[in-house]
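Reviewing the structure listed below.
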Amino acid sequence: MTASGRTGSLLGSWPVLPAPGVPAPGTAELRWPRAAVLGLLGVLALGLVLVAVRWPEASGWAGPAVLAAASSCTAVLLLRHARSLDRPASGSWRTVALVVGLLAAGQTVAAVSGAGVNPTSAGPQDVPMLLAVPVALLGCARLVRSAAGRISSRVVLDAAVALVALAALLEVVSEQVLADTGGLPADLVTLLYPGASVLLCVVGLVTFAGVSESRRRAAGWLLASFSCLTLLNGTGALAAVRPSVGFDLLTEIAWLGMLAAGTLALAADPGRSRTAEQDASTVPLLGVVISYCAAFGVVLLLLVGRVLGRTILPVEAVAACLLLVLVLVRSLMWAADGARLTRRVLRTEAYFRTLVHGAADITIVLDHDGRITWDSGAGSHPHGWTARELEGRPLADFVHDEDRAELDAVLAAGADPDQGRGRVFRLRSRDGRWPAYETVRVVPSGPLPALPEEPAGAGCGAGLVLHLRDVDDRRQNELELERMAYTDYLTGLPNRARLMAALDSARARTTEGDSACLLLLDLDGFKAVNDIAGHDAGDLLLGAVADRLRATVRDRDLVGRLGGDEFAVVVRAGLAESTALAERILVELTGVHRAVPTPGTDPDLVFDVSCSIGVTELHPADDVPVTFRNADLALRAAKAAGKGCVRRHGETADAATVRRTRLARDLPDALSRGELRLLYQPVVGVAERRVLGLEALVRWDHPALGEVAPDEFIPLAEDDGLIVPLQRWVLERATAELAVLLEQGRDLQLGVNISARHLQSGSLVPDVSAALARAGVPARRLMLEVTESLFISEPDRGGGDLQTLHDLGCVISLDDFGRGYSTFAYLARLPVDVLKMDREFLAGIEDDERSAALVLSVIELGRRLAIDVVAEGVETPGQLAALRALGCRYLQGFLLGRPTAPADLPAVIDALDADLLDAAVPLTVGTLGATVPVGE
């Protein structure tokens with residue numbers, strides 16, 4: 001009986017892979033001393049060879065002693081390594097250590113008794129080795145249980161093929177050995193060891209196929225250990241019937257090789273639990289190859305033996321037939337697996353193509369040379385290229401020349417995907433367009449295979465996978481948004497942001513010697529357009545101004561709108577040429593502009609709209625805000641000079657210009673600050689010898705400039721669109737103060753001057769009605785004084801609203817008659833009740849017959865048309881006497897009463913000196929007297 005045969009069967013514990021696990025808590029992970037163990041085993045193998053050659057008589061005890069020492073050291077290392085693992089893995093390796101320890105005990109007994117490594121009969125050394133058999137079988141059972149659910153029927157079939165093949169091979173070898181020796185060995189147990197080794201090889205093959213990919217290397221070393229086991233069991237069986245020093249030496253080396261392979265298996269085992277992310281167990285091709293080679297090798301061996309004259313035993317024939325059947329079944333299963341995998345691959349590819357072709361992004365795979373190997377959009381994307389036209393060509397051939405730097409940045413950032421994300425470049429489509437694409441993601445790919453038409457080795461090296469998104473529509477939208485961000489929506493001109501950027505660029509060019517100027521334009525009279533005709537008409541007027549500016553400036557100049565009625569022009573020229581351009585713009589924009597008809601407005605409205613322009617030159621030392629401030633100062637100087645003019649920065653304004661600029665700036669807040677007040681000047685009736693009416697005169701008490709006359713700030717209010725709220729306030733305040741006088745029993749009328757802009761706005765009738773209703777004053781007590789300019793600009797509109805007011809009971813007065821283009825035809829068809837002669841008529845009336853004749857003609861005209869005539873500006877007794885002699889019935893002037901505050905009116909009215917009117921000729925009471933009965 002051979003010790004090697006017995007010990008070899010017990011090493012079936014080696015296939016017990018430790019259950020997956022992690023290091024136990026609180027234990028340090030130990031590294032397996034692989035190099036030291038392998039080195040020690042190699043030294044022991046050399047020592048055994050030396051002993052067998054030099055001292056063969058000592059091999060009886062030396063060989064078992066060396067194997068016992070090696071096995072003992074291996075068992076100790078296994079126990080130490082098991083402490084660093086968790087419970088499942090630790091239990092498996094402790095079982096292995098127990099088996100190795102029992103084998104070491106058996107070899108120790110053999111060394112003491114001098115039986116050698118291959119004893120011819122049983123002895124006490126077999127006791128621990130026999131005890132190791134059930135332990136090894138228990139380890140195999142644990143292995144099978146741990147692999148349950150992971151070992152497929154195909155693995156079992158491969159194991160069956162290997163088992164039958166190895167059993168048949170063992171039968172052939174054993175039959176030949178027994179035939180040569182002439183009988184069975186003395187110890188029949190020896191024949192069981194080769195069978196056990198065959199079984200363990202099959203178990204090793206199953207283990208190799210059933211473990212996960214991470215532990216397959218350890219299973220491979222176990223399979224190598226089983227191969228050494230088969231070798232030592234075979235030599236042990238041969239040594240039992242034919243003792244030889246060579247067999248003993250081969251058995252010893254195979255023993256050490258078994259320990260070495262087992263050691264490497266332990267070192268390769270990760271000893272960690274398999275996670276869901278790890279690959280599922282698969283059948284390795286090596287297991288299939290081993291089973292197939294074993295099957296065909298046995299059949300071929302039987303056939304060669306038959307050719308050489310050896311008889312095939314029935315059991316061998318049955319084994320050969322069984323092998324052919326098993327191989328056929330395995331081949332059919334392999335074909336079925338191949339068909340199933342092919343269908344799965346085709347289905348997966350179909351899913352992949354559907355996913356890729358249906359995605360908004362395009363995926364392009366490049367090799368290490370930047371050539372296209374695959375394009376997900378080939379044949380289906382709007383770029384129109386087919387796969388044949390794309391594959392093998394450099395991507396740079398399709399990139400726009402201006403975007404090559406972007407592509408180079410993407411390719412250079414292959415190792416860092418974040419650096420390549422967001423790059424945009426244009427790719428040429430088949431129809432010649434250049435749509436824009438953005439890199440969504442750039443990742444490196446593995447080594448790519450070469451294309452069929454490429455030489456061998458062309459596909460070596462890692463490439464890049466580009467995920468591109470068609471952003472052509474988004475790019476167009478971004479450009480449109482950018483255009484909108486820098487364009488005025490109303491006029492289509494560049495807005496303030498674009499102008500600031502253009503000024504910054506022009507300022508930068510001035511450092512290189514170029515000249516540039518800024519023109520700042522502001523429309524005069526535009527606010528009245530919005531207030532009277534409405535904002536729609538104002539918008540249309542701004543559009544017309546923008547069109548004229550575009551047509552007037554040169555192509556290299558930039559015209560833009562700052563906001564409201566302010567425009568700016570950046571001129572690429574010197575100060576003189578820019579001033580000349582400003583003068584041309586002034587001519588183009590000056591004149592009467594007819595508002596485009598809008599719903600609810602009069603189609604015949606016309607407005608006198610002009611502009612003022614400030615010019616400043618750009619200097620490298622001045623930043624953009626300073627340039628704007630200089631142009632604004634020049635614009636203010638132009639407005640203060642009377643509007644409709646051009647001023648350069650640095651031109652000094654005179655005192656009148658400064659005053660006008662100050663008034664225009666402060667007027668909008670004067671009403672809210674309570675700086676405006678009303679004075680009243682009496683109108684005296686010659687026949688009635690008393691005060692018949694009052695004219696309301698507005699005054700502005702400026703906090704810095706003092707009292708401002710209406711002739712100075714009323715035109716500013718009309719130009720800036722403030723006249724309507726100003727006159728609305730005058731109407732409300734005057735009617736309220738008249739109501740107080742009427743409550744005192746005074747018989748008076750109130751005259752209020754009305755601006756043509758107020759009448760044009762269409763709000764005069766409701767404003768008058770509201771003021772009368774709020775104060776409780778009868779309409780006949782209110783006289784509305786209008787000027788002749790109203791009938792020149794809007795005769796139809798003025799006549800209609802005045803007729804409405806006249807029908808309400810208000811008295812209509814034509815103020816400053818004779819100053820402008822007086823047309824008698826208006827007097828015949830308009831509801832005029834009173835004519836107020838301008839004070840210029842009275843100049844020289846005392847000694848100038850022609851002046852007196854003009855006054856007399858107006859008085860006679862009024863008498864024949866039943867219109868009362870009021871002479872304004874009576875300041876001397878001579879003027880009063882002349883007017884009495886001419887028959888003028890109503891007088892107004894400083895001689896009869898100065899403008900008076902409301903609180904002083906009762907005293908002024910009562911203190912009228914009637915002696916001034918003693919020379920008056922008695923006359924019939926006219927409109928001013930008859931319309932208001934005394935004592936009402």
DSSP loop trypsin sites (Lys or Arg not before Pro) in segment 490-572 with at most 15 other Cβ atoms within 10 Å of their Cβ, which ones?
-> Arg554, Arg556
R0 of 51 Å, Cβ-Cβ distance Val127-Arg344: FRET efficiency to nearest 0.05 = 0.35
Label Gln476 and Leu308 with points 7 Å out from Cα along Cα→Cβ: what is the distance between them in nm?
-> 8.5
Give the order of Tyr486, Tyr437, Tyr351 when sorted by the count of other beta carbons within 10 angstrom, beginning with the fewest.
-> Tyr351, Tyr486, Tyr437
Interchain or sequence-distant (5+) residues whose placed amide H lies within less than 5 Å of the amide H of Thr363 are Ser376, Gly377, Leu468
Indicate the gyration tensor shape class of segment 679-930 (rounded, prolate or oblate), computed on the Cα atoms with a ≥ b ≥ c the square roots of the eigenvalues: a/c under 1.5 is rounded; otherwise a/b larger than b/c is prolate and the rest oblate.
-> rounded
By the scheme Lys and Arg +1, Asp and Glu -1, what is the net charge of all other residues having a beta-carbon under 15 Å from that of Pro703?
-> +1
Between Arg441 and residues 5 or more places away or on another chain, the pairs with built amide H atoms under 5 Å apart involve His467
From the phi of every residue in segment 421-430, what ³J(HN,Hα) in whole Hz does the Karplus formula 6.51 cos²θ - 1.76 cosθ + 1.60 yield, where θ is phi - 60° and glycine or proline is x?
-> 6, x, 6, 10, 8, 9, 10, 6, 8, 5
How far is it, in nm, from the label point at Ala773 to the one at Asp401 when both lie 7 Å from their Cα along the line to the Cβ?
-> 7.7
With a/c under 1.5 counting as rounded, go ahead and sort segment 477-529 into rounded, prolate or oblate using the C-alpha gyration tensor (a ≥ b ≥ c being the square roots of the eigenvalues; past the cut-off, prolate if a/b is larger than b/c, else oblate).
-> oblate
Once label points are set 7 Å from the Cα along Cα→Cβ at both Arg850 and Asp913, what is their separation, rounded to one decimal in nm?
-> 3.4
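Evaluate E = 1/(1 + (r/R0)^6) for Leu705 and Thr511, where r is the Cβ-Cβ distance and R0 equals 45 Å; express this FRET efficiency to the nearest 0.05.
0.50
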Excluding residues fewer than 8 places away in the same chain, name every one of the lysines whose C-alpha is closer than 19 Å to that of Lys527.
-> Lys639, Lys643
If you take every DSSP beta bridge whose two residues both sit in segment 679-930, what share of them, in percent to the nearest 5, is antiparallel?
-> 35
Determine the shape class of segment 463-591: with a ≥ b ≥ c the square roots of the Cα gyration tensor eigenvalues, call it rounded for a/c under 1.5, and otherwise prolate if a/b is greater than b/c, oblate otherwise.
-> oblate
Could you run the Karplus curve 6.51 cos²θ - 1.76 cosθ + 1.60 with θ = phi - 60° over segment 718-725 and give me ³J(HN,Hα) per residue in whole Hz, x for Gly and Pro?
-> 5, 5, 8, x, 9, 5, 5, x
With a Förster radius of 56 Å, plug the Cβ-Cβ distance of Arg673 and Ala828 into 1/(1 + (r/R0)^6) and report the FRET value to the nearest 0.05.
-> 0.75
Fewest-first ordering of Thr342, Thr510, Thr108, Thr616 by Cβ atoms within 10 Å yields Thr342, Thr510, Thr108, Thr616
Expressed in nm to one decimal, what extension gain is obtained for the pair Val318 and Val49 from 0.36 nm per residue of sequence separation less their Cα-Cα distance?
-> 92.6 nm
Once you charge only the Cβ atoms, +1 for Lys and Arg and -1 for Asp and Glu, what is the size of the charge dipole of segment 679-930 about its Cα centre, to the nearest 20 debye?
-> 740
Integer Hz, Karplus 6.51/-1.76/1.60 couplings in order for segment 741-758, x for Gly and Pro = 5, 5, 5, 7, x, 8, 9, 9, 10, 10, x, 10, 6, 10, 7, 4, 5, 5
Taking other Cβ within 10 Å of each residue's Cβ, how do Asp367, Asp539 sort, fewest first?
-> Asp539, Asp367
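Any read-out appearing in this document is the output of simple, stated calculations on the displayed coordinates, not a laboratory observation. Just so it is clear, the structure is predicted and the values come from calculations on it, not from any experiment. Please note: Cβ atoms are built from the backbone with ideal geometry, for glycine as well, and neighbour counts cover all protein chains shown.
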